[in-house]
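Novice: Submitted below is the structure of interest, expressed as structure tokens.
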């Protein structure tokens, strides 16, 4: 499903956090969102997920304006993995992932074998099936993140929004999550801090000061010039001798 | 595969467990009727029940029959309703506010309801149980509103209102709210009530089932059932709040209407109970935590378990309040607080450690 934003604006207590954001993510694409801390990545994801209503502008799911849809209908198409979501409840991994079925259940539409199958598959997708009966508070940060992603996948979304999902993860799990996300046949918007990882996305958008200042192919967007302007770093591009891929290396001064 | 099997069997356990619920409740009600200053044999109780409910004609002692039907049974039924309602209010508040210490008593809702009820009783803004409940309802909502606003203001002052930080703030706000409304209650009593009235109200304020009659049952039973049905209907919404309101919204819960509806429903139910028996503390804190320990924190099981345990707990507390000091009836709030305060301390310490 295509996800687009038209002239989005949002502010909190009079402080503008998003200004005139225009964005279109094609179906099946993985769209990377990069930008310095406080540039508005999380705010944009929250608006795209329907958690906050924009002050002006609108979000379109396919051709449907989001504000015409109920929260439940939105959640049947869009899933969000927040940056930090924790609980003090004694709850198992399987129970957390089961929460992802919430938009499809109601007081009168009970849990079914199909829901069980979806939850089991989501646990397999993030390589957490062997931990299904572990309690949440015994998990490491990386394991929690993977459970959250499984919970989002259990929503069987057309669009998956991930807010810095590789935070707290060791490098192996960072790579496995990114690989998983890229292979998903659905539309993905993912905010990332690691710019080399962002290069693997189909498209990239750069946020700065609440504006989406650039978007397009990673190689066109993440230029040394852009990185100097937005992140204030100097960039060298090196070729990896193994596969010839380009790697960026950063310095704070020349 | 083994996972699937354990899950299936736990589901079966849940169903079997639901089946015995009414049996446990009836057993508790009979115990509540049998035990007291004058012990009454269960056989007599069953005969009186058959006489009253089925139109049977067993010969029973008139005095026993009077104690059973007019005094102890109605009292046990109201105790059960009250326990269920307060415990469910605790479950809902803990789930929605993501706070293990949330409870209608600690958050000042009961204090607000008391103020409202006293204002109606003393100032005489109308008579009858319903207007008393209405006054309590207004007071409860007012108290909740003030407490939440205060907590919100305190949080935005610190910055980063979501989640864990909110926990401490809402308890502190609850203390402030409780103190305010208790002071208002005392003020109204001192200003307007006669000495006789004041004594009665002070006794009622600590939680007291002595004055309960069948008229109260007709108010308490529908209120408790309403509270139970609302919680059962929204059990998945309550689950969805496990990771907070944002997470619930991203899973399709219309957070504002659902949260507002649940809190208003629980304030209403709490207010009805307070208007009948006064503010009984700690039921909403102790019972949900005990039940989470036994049946887990998923609301499909937690709600019925809490409803049942709350009912049994308050019937048991009522029995204790009647037999603990011979010749005296303790306010039931004294019993629940004696049990609840240590439990509160335990939750506090364990929460700190984790």
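Novice: Kindly establish whether residue A:19 is touching a strand residue (DSSP E or B) at 6+ places or on another chain (Cβ under 9 Å), in contact (Cβ under 8 Å) with a residue 24 or more places away in the chain and either more than 26 Å from residue A:182 (Cβ to Cβ) or not in a helix (DSSP H, G or I) (or both).
Specialist: yes
Novice: While we're on this one: Collect the residues in the range A:88-114 that are under 22 Å from the mean Cα position of the chain (by Cα) and more than 8 Å from chain B (Cβ to nearest Cβ), keeping them in residue-number order.
Specialist: A:93, A:97, A:98, A:101, A:104, listed by residue number.
Novice: Suppose we filter the range A:100-119 for residues that are part of a helix (DSSP H, G or I) and surrounded by 13 or more Cβ atoms within 10 Å (Cβ to Cβ); how many remain? Let's see the steps before the verdict.
Specialist: In the first step, residues of the range A:100-119 are kept if they are part of a helix (DSSP H, G or I); the result is A:100-104, A:113-119.
Narrowing the set further to residues that are surrounded by 13 or more Cβ atoms within 10 Å (Cβ to Cβ) leaves A:100-104, A:115-116, A:118-119.
Residues flagged as part of a helix (DSSP H, G or I) and surrounded by 13 or more Cβ atoms within 10 Å (Cβ to Cβ) within the range A:100-119 amount to 9.
Novice: Check the range A:57-80 and report whether any residue there is closer than 30 Å to residue A:226 by Cα and within 13 Å of chain B (Cβ to nearest Cβ).
Specialist: yes
Novice: Could you list, ordered by first residue, the pairs with Cβ atoms under 8 Å in which the first is in the range A:115-139 and away from chain B (no Cβ under 11 Å) and the second is assigned to a loop (DSSP other than H, G, I, E, B) and surrounded by 15 or more Cβ atoms within 10 Å (Cβ to Cβ), at least 6 apart or interchain?
Specialist: Once the first residue is away from chain B (no Cβ under 11 Å) and sits in the range A:115-139, its partners that are assigned to a loop (DSSP other than H, G, I, E, B) and surrounded by 15 or more Cβ atoms within 10 Å (Cβ to Cβ) give A:115/A:105; A:118/A:154; A:118/A:156; A:122/A:154.
Novice: Shifting gears a bit: Which members of the range B:306-343 meet the condition of being closer than 16 Å to residue B:91 by Cβ and either surrounded by fewer than 21 Cβ atoms within 10 Å (Cβ to Cβ) or free of Cβ contacts under 8 Å to residues at least 60 places away in the same chain (or both)? Before you say what the answer is, go through the steps one by one.
Specialist: Within the range B:306-343, the first condition is being closer than 16 Å to residue B:91 by Cβ, and the residues that meet it are B:306-314, B:340, B:343.
The answer is B:340, B:343.
For every residue, the table says whether it meets (1) crowded, with 24+ Cβ neighbours inside 10 Å; (2) over 20 Å from residue B:89 (Cα atoms); (3) within 14 Å of another protein chain (Cβ to nearest Cβ).
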position	(1), (2), (3)
B:174	yes, no, no
B:191	no, yes, no
B:200	no, yes, no
B:203	no, yes, no
B:213	no, yes, no
B:219	no, no, no
B:229	no, no, yes
B:241	yes, no, yes
B:250	yes, yes, yes
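Novice: Go through A:40, A:62, A:50, A:100 for me and flag whichever is closer than 29 Å to residue A:25 by Cα and not assigned by the TED database to the domain that holds residue A:20.
Specialist: Numbers: A:40 fails: not assigned by the TED database to the domain that holds residue A:20; A:62 fails: not assigned by the TED database to the domain that holds residue A:20; A:50 fails: not assigned by the TED database to the domain that holds residue A:20.
Testing whether each residue is closer than 29 Å to residue A:25 by Cα and not assigned by the TED database to the domain that holds residue A:20 leaves just A:100.
Novice: Please go through the range B:274-298 and give me each residue that is under 14 Å from the mean Cα position of the chain (by Cα) and not in a helix (DSSP H, G or I), ordered by number.
Specialist: Scanning the range B:274-298 gives B:278, B:279, B:280, B:281, B:282.
One line per residue, one yes/no per condition, for (1) surrounded by 23 or more Cβ atoms within 10 Å (Cβ to Cβ); (2) assigned by the TED database to the domain that holds residue A:32:
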site: A:124; (1), (2): no, no
site: A:129; (1), (2): no, no
site: A:135; (1), (2): no, no
site: A:151; (1), (2): yes, no
site: A:165; (1), (2): yes, yes
site: A:168; (1), (2): no, yes
site: A:175; (1), (2): no, yes
site: A:184; (1), (2): no, yes
site: A:193; (1), (2): no, yes
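Novice: Please go through the range A:120-156 and give me each residue that is at pLDDT below 90 and assigned to a loop (DSSP other than H, G, I, E, B), ordered by number.
Specialist: A:126, A:127, A:140 - these are the residues of the range A:120-156 that are at pLDDT below 90 and assigned to a loop (DSSP other than H, G, I, E, B).
Novice: In the set B:87, B:65, B:102, which member is modelled with pLDDT under 90 and either under 30 Å from residue A:85 (Cα atoms) or crowded, with 24+ Cβ neighbours inside 10 Å (or both)? Walk me through it before giving the result.
Specialist: On the way: B:87 fails: modelled with pLDDT under 90; B:65 fails: either under 30 Å from residue A:85 (Cα atoms) or crowded, with 24+ Cβ neighbours inside 10 Å (or both).
B:102 is the lone residue from the list that is modelled with pLDDT under 90 and either under 30 Å from residue A:85 (Cα atoms) or crowded, with 24+ Cβ neighbours inside 10 Å (or both).
Novice: Within the set of pairs 6+ apart or on separate chains, which have a first residue in the range B:191-218 that is free of Cβ contacts under 8 Å to residues at least 60 places away in the same chain, a second that is surrounded by 15 or more Cβ atoms within 10 Å (Cβ to Cβ) and in a helix (DSSP H, G or I), and C-beta atoms under 7 Å apart?
Specialist: Sorted first by the residue in the range B:191-218, then by its partner, the pairs are B:198/B:189.
Novice: As an exercise: evaluate residue B:245 against (1) within 25 Å of residue B:149 (Cβ to Cβ); (2) at pLDDT below 90; (3) away from chain A (no Cβ under 11 Å) and give the number of the one condition it does not meet.
Specialist: Tallying (1) within 25 Å of residue B:149 (Cβ to Cβ); (2) at pLDDT below 90; (3) away from chain A (no Cβ under 11 Å), residue B:245 fails exactly one: (3).
Matching residues to (1) closer than 13 Å to residue B:283 by Cα; (2) in a helix (DSSP H, G or I):
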| residue | (1), (2) |
| --- | --- |
| B:300 | no, yes |
| B:303 | no, yes |
| B:308 | yes, yes |
| B:312 | yes, yes |
| B:315 | yes, yes |
| B:322 | no, yes |
| B:327 | no, no |
| B:334 | yes, yes |
| B:337 | yes, yes |
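Novice: Could you check how many residues of the range A:43-56 are surrounded by 17 or more Cβ atoms within 10 Å (Cβ to Cβ) and either in a helix (DSSP H, G or I) or more than 14 Å from chain B (Cβ to nearest Cβ) (or both)?
Specialist: The number of residues fulfilling the criteria is 7.
The values are calculated or read from the model by the stated rules, or taken from the named source; none is laboratory data. This is a predicted model, so every value here is computed, not measured. Please note: Cβ atoms are built from the backbone with ideal geometry, for glycine as well, and neighbour counts cover all protein chains shown.
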